[in-house]
Structures are given as C-alpha cells and as structure tokens.
Amino acid sequence: MLTLVVLLPFLASLVAAVLPSNARNAEAWLAGTVAVVGLAVMVWLYPQIANGGVVRHEIEWIPSLGLNLIIRMDGFAWLFGVLVTGVGFLVVLYARYYMSPKDPVPRFFAFFLAFMGSMLGLVLSGNIIQMVIFWELTSVTSFLLIGYWFHLAQARDGARMALTVTGLGGLGLLIGMMIVGHIVGSYDLDVVLASGDAIRESGLYLPALLLVLLGALTKSAQFPFHFWLPHAMSAPTPVSAYLHSATMVKAGVFLLVRFWPVMAGTDAWFWIVTFAGLATLIFGAYAAIFQTDLKGLLAYSTISHLGLITTLLGMSSPLATVAAIFHIANHATFKASLFMAAGIIDHETGTRDIRRLSGLFKFMPFTATLAMVASAAMAGVPLLNGFLSKEMFFAETALRDANPFVNFALPVGATLASMFAVVYSLRFVHGVFFGPPPEGLTKVPHEPPALMRRPIEILVLLCLLVGIIPGITIAPYLAAAVVSVTGPETPYYSLSVWHGFNFALAMSGVALVGGVLLYWALYGYLNKGIEGPPVIRRLQGKRIFERIMLTITSKWARRLESLLGTRRLQPQLFLLFFLAVAAAFAVLAGRLGTVDLSLAGFDPAFALIWAVGVVCAVGAAHQAKFHRLFSLVLLGGTGIVTCITFVWLSAPDLAITQLLVEIVTTVLILLGLRWLPKRVQGMNDEALIQRAFIRRYRDLALAGIAGLGMAVVAYAVMTRQIPDGISRFFVENAYSLGGGTNVVNVMLVDFRAFDTLGEITVLGIVALTVFAVLRRFRPAADSIEKPEQQKIQNAFDERVAERNPGDTVNEYLMIPAVIMQWMFPVIIVLSLHLFLRGHDQPGGGFAAGIVMSIGFILQYMAGGTRWVEERLRILPVKWIGTGLLTALLVGVVAQLLGYPFMTTGFQYAEIPFIGKVPMASALIFDLGVFGLVVGATVLILIALAHQSVRSPKVARRPVVKVPEVAPDAPVETR
C-alpha cells in the first residue's frame, strides 16, 4: 500500500498530462482522488505506527551494492504523509476554482501530482540514497510549478533561482549521504538511525554534517540561503499554499528532524543550526513587516517560522524537538489557509498590493473572518494552535545554558521575532480588511464560491480545535511522531492550554503587547507605501545572487574559455587524450607486472593484416592535411582491419558490430564533412608553418604513446592467466541462468542489463541533442557552394554525358538507386534474422538495429530526403521512446513479480510444427535496444540529411537546395 501511495501520483501525473485542456473538472477529480487515496492509506496504517512501530517494505534492486528500494513509514513520516496528502487535497479543491480555464490546466495538475509523488517518496524513503533522488525530484518539479506561468519573466527568474540554490544543496546532500553510508557501512535508514555514536565519533562527522546541513538549509530557505523563497511567489497561489506550508520548504526541516538522533548533540550542530535558525527567524519576521505584496509578506513570515523550527532543532534537547515537530504541523495549517485567503483576495479584487487594499471586511466578511483567525494563530494568540507551539519554544529558549551569550541571545531573539510576527499579522488583517473601501480596483470585491472557501474553513477549524482541545485532537498523533524521533525515553511534555504564570507566558505577553505597540508606532511609516525593510533594503538576496551568477557564468567562464577553450576541435582532443594518458599511466604504472613479449605465438599473416591497418592509419593522418575524403576512406580501412582482428580472435559479435558501425559512421561523417571549415590555403608565414609542423609532430607523439599504451594493456590482459577471472562465470552460467548460448549477448541483455539500459539511454540523449543542435544550425558563409564547386559538378556531369551519350545524370544513377530501394525488404529480413538469433548466435538487438538503420540510410541515398519522407513515416523520436520504455518494462515487471530489477527468466515454449523453442524475457529487452538504436541513428541521419543532402541534380542545372528544417518544426520529421 505504501508503494501504491508513492507511485500513484506519478501515474496520475501522466494521465493528467494527456487530458484535454477544457477538462478542468476531470483533472481536479483525478488529483483529488489520488490525494484522498493517499490520505486513506495513511489513516489505515496509523495503528501500526501509533506506539513506535515501523511499516517497512523492501524491494530488491541492486542488493549486492546495498541499493534496495525501501519504503518506510514511522510516526514522523506518517505525520508528514498526512500533511502532504491532506493539505494536497484541500489545495486541489481550491485550485479547481482558482485556476483560469484559459490556463494550461492539464500541465498544472500533471506538475502538481508529480511534485506530490516526489514529496511522498522523500518522506517515505528507507534508503538514504533513494531519499536524495526524491529530494532532487522535489527540486525539479517545484521548478516546473514555480515557472508555470513561464511567459512571465519573474516566474522564470524565480524558478531558476529556486532550482539553482536547492540544486546546489542537493549536490552537497548527495555527497553527505555517501559519507554517512561509508561511515555506517550501509545506506539503509534503519541502520543509519541506529549508528548515532559511530557517526558522531567518526573523523568524517564534520564534513558529513556540513554537507547534510547545506542541503537542509538551502531547501528550507535558511540564512544565508533565504532569498530564493520570496521570488518563488510568482507561482500560482495554490502552488505557494502547497509548497510553502506543508511540502517543499518543510523538506529541509524534515531532514533535520530525521537525522537529529544521529547528528545532534555536538557543538558543531548547536552553533551552526541554532544560530542559522535564529538569524533566519529574526530577519524573516523583520522583512515581512515591510512587504507590500500579501504573498511577499507570507513568504517572509514562512522564512521566519522555518527559522523558529530550525532554532528548536539546533538546541539538541528532546523537548525542543517536540516543539519543533508540533510547530511543523501547526504552521502547515495556518500558513496554507493564509496563502489561500491571499489568493482569494487577489482572485476577487485583481491585486495583492496592501497599499491598494482596505475595508474588504464589508465585501467578503466570511473570508475576512477566516483570515483573521489564521493570522491570530500565526501571531501566537492564545486558544489557537500557534500559541501552544510558540509557548513551548519560549520555554526552551528560557532554559539556562553554560554560555552567557546563549542565555541572552535565545530568549531576546525569540521575543523580538515574536513581536515582529504580531506586527506583520496585524498588518495583514488591519491593512486589508479594515479602513475605507478600496478605490481603483479592476474588480468589485465579493465572496468566492463556497467550495473555493471550504479548504480555508477546514484549516481554520483545525487551528481552533488544536488550540482549544489539543489533548484530544493532536496529542496522540504528535506522540507517535515524537517517539519515532526521540525514542521511547522521551521526557514528559504537556499540551495544556494553561501552564500557570511562568517565564514563557511572560515572554508571550511581552511579544503580544509589544507587537501591538510597535505596529501602532510604525503605522504611519507603513502607510507611506515604502517597499522593503529599511536599513537592509539594498542588501537584497536576489541582487547578490544575480551578481554571483553573472560573475560565474560571464567573467569566470569567459576567462576559463580564453585559457582552455578554442574554436578548433584538435586542441581540445589533444588535452583530453593527454589527461587520459596521464591518468592511465598514474593508475597502471607498476600494476601490469611483467608483460611477456615472447614471439612464440607470432603469426606472420596476422602481423601482415595489422601492417595494412597501420599503413591506413598513418595514411589517414597524412591525408587529413590535404583531403578529408581520402582520409576518411583510409580510416575505414583501419576499421576493416579491426573487424578482421575480431574475427581472427573468435569474437564474431564484436566483428559484426564493428562492421555495421563502421558503415553507419562513415556515411554520417560524409554527410557532415561539407560543413567543416575550409582549410587555410597558401600559408606563407614561416612562423605559422613552423607552428603547424610542431603541432603535427606533437599530436603524432601523443597518438603513438596512447596507442602503444592501449596495445600493452590489451596484450597484458589477453595473455595473463587469471584463475578466478569473471569470464568463467559468464561462460558457465550463460545458458543455465540466461537461457542463451551467445555469452556476449547474454551478458549485455541479462547479466549487465542495467548497464546496457544506461548506455542506450545515453545514446538516445545524444541523438536528441544532435538533432536539437542541427535543426537550428546554419552553415558558415565559407561553407556554401562556391562557383568553383559548381564547375567541378558541371565537369562531372559532362564526363557522365560523354560515357552515356544522351543520358542525364539521373538516368546514370537510376540503376544503383533502384537496387538500393529493392534492397530495403532484404535488409529488413536480415535485421529480423540477426535479432532473433542474437541470444544463441552472433547478432542481437544492437546489430539488428544498426542493420535496419542502414536500410533507411540507403533509401535516403537512393531517393533523397524528400522522396523518403514522402513515402516513409519513420518518426524516430517515437522509436527512441518506445525502445527505452520497452527495455525499462523488463525491469519493472521483474520488480512487480518480486525479483530484483532487470531480473530475466526463460523457459521452453512448444510451437506447432517447430517444436520446443527457448523463450527468454531478455528478448523483450533486446527489442527495446533494437528500437532505440534504430530511432537514434535515423534521427541523427535526418538531422544531417536536412542540412547536407541535395536534391538529385540534372546536368548543367543549378543546385537545388532542400529546404532547411524550421526552428519550430516538430521533432518527428516526416
């Protein structure tokens, strides 16, 4: 059931993406149903986690590396799961009425559901690497939600800023989790949580702590990473209500609470976490006072409350952690309701600017009342939920500490920030709902539809119930969450509304009274409409961020480019090969042992073959200076020699693949040769000649060293006798475990299927990248055909006419063109043959895919681009997507059947008139490889053909160019 909770939002996201744009009700029903199902599962599983229990489901993925998929829920994860699904359902109901029918609503709900699934995956992860993956998914999906209105520059900037900051933290978190896993010896969260002493006593504790805190503080917008959150307010209000109350920004404090048992309790934790939280608490509250945008005010108040939670967690005491968990739940209720109220005000008045709003209580009394109650909870007014958790916060800051600075800073900072909270809460209520009627609005204010207001009513009711009767409403659920974090020996704490007269109550009184007085003192200044807090108005996080990004991407990048970059490929390749050779030498020096160079097995015929290959290679390098086409032909000769070598050494699979790839790459390179820059002719400068001479011999020396090194390594590997080598395992188990006698193919589609899945994924990405680049490529001025080239073409046409009097060039080329078209069915049959025999004989999906691609290439060569695309609807992108999904399906089905990812099976099937035939599920995986290889190769071919292929020429006629692909043309080129 927990697996269903995590997967269902992602599946529903795909469904929502394909719904029609006018099906707003259907999309809302879909998203709402997913949220309700998740909430129902949480409620159903509560008895199992109520008394410190853990619900855990483990799916084997790569058990040998300890990377299993683990879904785990304890009391704290349950609390977050309820917030994610419960608040998510209310936001969906609210969004149904908030989003305009003119908006791309399917895209909104698709992103929303994907984000919900990412957040559920994060809180329910039982593997810390898996947790990081979902952590990054929340960053990506929140980026899509924040930038939903991408036509607005502020939405694009806010989304980019959020992704950059949280992505940086996510990278640090990944490294930190890898260090934690290294310390513990496992990535299992249960093992990690039971290894607190080992982590704190490790010499790697401090770097692990700093990296984990980098992830947590950036995600929860803690100082100095707080600046991204206010700019994320450009998202639609339902997104803000969800991301900044119960999900996105709470992920950081979730991580702090989750790792509190194993990382808290040290001086480094206390000083970093506590004072980062305290600085955020005070700054966020101060900045919120002076915001003129309602969502901006709520954004900075969110930063402040997150700082309050972080400060509590930094204190390292169990009771402070209780208060932090309690305030996480309380903040979600009143902050989500306030964001929705702000959205209603914007929706019904056309503005969120406090300077233009006043007296709305007369126009929308119900909404105003709800907002006033939620604001009071945010300010910490008694008999509301915010008061209880803030009282616990005051009680913890009032405890005596050995450090006198701590004794002063914590209670004073907490009281000051609470005064500011009262001020911005009063400004929200008084500035919007009281005073004279508003003027100059684009709409006449009125109450929203009842169902749009219903989510706020439910959340405000929770604020009241938790504040008045906490022992009945929240106490048992809070206890389950607390015990799962602090353990069964959690000290006693009370949720009573009245604790008598104590220091915490005095601090609350000072904050409430002081806040009212401060608002009265600042009322005139705030009414002047000055935007931004005084004193630090110029110290804007966005400005600093933009300057840093500009420095990195412009100044530093340009300097680096001027030092290392070049427009020519040759120096880049030289640097790449030099580093590769140096790295290989550093690793292999002294490890190869004695290489036996005995000539006992010397074969003159084999040496002669490689002598031809060496001559072709040297000739290719030499001809590259004069004629690229000749160089390519000679390079093909070296490829053929390599192919023969594989045959000689009994590797027919490699030989087939080498031959087929050689054909395809030769054709594709030929198509791209005409776009290479022209060589400099008539170079007379002696210095330039000398420099070119030195460069060529320098490249020759490097090539010789690299080639010699590879030869030594290959010879050493092939001649050494390793008694316990891995090859014996594959030979002995290829048929018994993989169901095939072709060991190479069984390795690729069975034993190493996961690696192959990654490789074909990269191949698909490369093909899409090449197409994306070339479809907008425009040739340089010196690359277009010149009159001299036209003269060459005309001379060729004349020679053809002399040999075939009365024939045109088209007639001369007709016979090979027809033959190439007739070969297409034969090639299809050959491709099918190689595919079906691949598991037992040389062949397989990759070789069959290349053969099929060659068939398409021949059609392009025979008829030209336009002729092929008028007759064949290839759609290579769909080939890529279908192939990748087919290959992935094998792994997913194995998981669903209870086996590790990419586990395959085989059995004999009885086929009429044929008999028993071995059938392996790896054949389906190989089919996916086949489809992706065909799609990727043909997509690159199409990209090059549209730039390079000319229409068939007629003698003595001008060249007719094929129209270039327009920048906005669909990817599936017909």
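Quick one: which helices (runs of 4 or more DSSP H) sit completely within the stretch 168-230 and have at least 1 residues that are without any contact (Cβ under 8 Å) to a residue 24 or more places away in the chain and not assigned by TED's automatic domain parsing to the domain that holds LEU137?
In the stretch 168-230, no matching helices (runs of 4 or more DSSP H) lie anywhere.
Looking at the stretch 717-762 only, could you name the residues that are within 22 Å of TYR899 (Cα to Cα), touching a residue at least 24 places away in the same chain (Cβ under 8 Å), in a helix (DSSP H, G or I) and not hydroxyl-bearing (Ser, Thr, Tyr)?
The answer is GLY738, ASN745, VAL746, LEU748, VAL749, ASP750, ALA753, PHE754, LEU757.
What do you reckon, is VAL43 at pLDDT 85 or above, surrounded by fewer than 18 Cβ atoms within 10 Å (Cβ to Cβ) and touching a Ser or Thr at 6+ places or on another chain (Cβ under 9 Å)?
When the stated conditions are applied, VAL43 does not pass them.
Starting from the stretch 832-856, take each residue that is surrounded by fewer than 24 Cβ atoms within 10 Å (Cβ to Cβ) and list its partners that are aromatic (Phe, Trp, Tyr), counting only C-beta distances under 7 angstrom and pairs at least six apart or across chains.
So the pair list comes out as PHE835/PHE930; GLY855/PHE824.
Going by the structure shown, is HIS347 modelled with pLDDT under 90 and assigned to a helix (DSSP H, G or I)?
So HIS347 fits the description; yes.
Please go through the stretch 319-351 and give me each residue that is touching a Lys or Arg at 6+ places or on another chain (Cβ under 6 Å) and buried (at least 22 other Cβ atoms within 10 Å of the Cβ), ordered by number.
ALA342, THR349 - these are the residues of the stretch 319-351 that are touching a Lys or Arg at 6+ places or on another chain (Cβ under 6 Å) and buried (at least 22 other Cβ atoms within 10 Å of the Cβ).
Conditions (1) at pLDDT 85 or above; (2) out of contact with any helix residue (DSSP H, G or I) (no Cβ under 6 Å at 6 or more places or on another chain); (3) under 28 Å from VAL917 (Cα atoms), marked per residue:
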{"residue": "LEU700", "(1), (2), (3)": "no, yes, no"}
{"residue": "TYR715", "(1), (2), (3)": "no, yes, no"}
{"residue": "ILE722", "(1), (2), (3)": "no, yes, no"}
{"residue": "VAL744", "(1), (2), (3)": "yes, no, yes"}
{"residue": "LEU748", "(1), (2), (3)": "yes, no, yes"}
{"residue": "THR756", "(1), (2), (3)": "yes, no, yes"}
{"residue": "VAL762", "(1), (2), (3)": "yes, yes, no"}
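Being at pLDDT below 80 and either in contact with an Asp or Glu (Cβ under 8 Å, 6 or more places away or on another chain) or within 22 Å of LEU944 (Cβ to Cβ) (or both) is the filter here; which residues of the stretch 640-689 pass it?
Within the stretch 640-689, LEU671, GLY672, LEU673, ARG674, TRP675, LEU676, PRO677, LYS678, ARG679 meet the criteria.
Return the only residue of VAL482, VAL406 being closer than 23 Å to PHE270 by Cβ and in contact with a Ser or Thr (Cβ under 7 Å, 6 or more places away or on another chain).
Going through VAL482, VAL406 in turn, the sole match is VAL482.
I'd like to check something: does the stretch 911-918 contain any residue that is modelled with pLDDT of 65 or more, outside any helix (DSSP H, G or I) and small (Gly, Ala, Ser)?
Taking every residue of the stretch 911-918 in turn, at least one turns out to be modelled with pLDDT of 65 or more, outside any helix (DSSP H, G or I) and small (Gly, Ala, Ser).
In this structure, does VAL41 turn out to be of a type in the set (A, V, I, L, M, F, W, C), under 30 Å from SER186 (Cα atoms) and either in the same structural domain as ALA475 (by TED's automatic domain parsing) or free of Cβ contacts under 8 Å to residues at least 60 places away in the same chain (or both)?
It is true that VAL41 is of a type in the set (A, V, I, L, M, F, W, C), under 30 Å from SER186 (Cα atoms) and either in the same structural domain as ALA475 (by TED's automatic domain parsing) or free of Cβ contacts under 8 Å to residues at least 60 places away in the same chain (or both).
Would you check if there is a residue in the stretch 274-281 being free of Cβ contacts under 8 Å to residues at least 12 places away in the same chain and assigned to a helix (DSSP H, G or I)?
no
Kindly indicate whether LEU708 is of a type outside the set (Gly, Ala, Ser), free of Cβ contacts under 8 Å to residues at least 24 places away in the same chain and touching a helix residue (DSSP H, G or I) at 6+ places or on another chain (Cβ under 8 Å).
Criteria not met by LEU708.
Any residue at all in the stretch 52-70 that is assigned to a helix (DSSP H, G or I), closer than 25 Å to ALA324 by Cβ and at pLDDT below 95?
No - not one qualifying residue is present in the stretch 52-70.
The values are calculated or read from the model by the stated rules, or taken from the named source; none is laboratory data. Just so you know, these numbers come straight off a predicted model, no measurement behind them. As a convention, Cβ positions derive from the backbone with ideal geometry for all residues, glycine included, and neighbour counts pool all protein chains shown.
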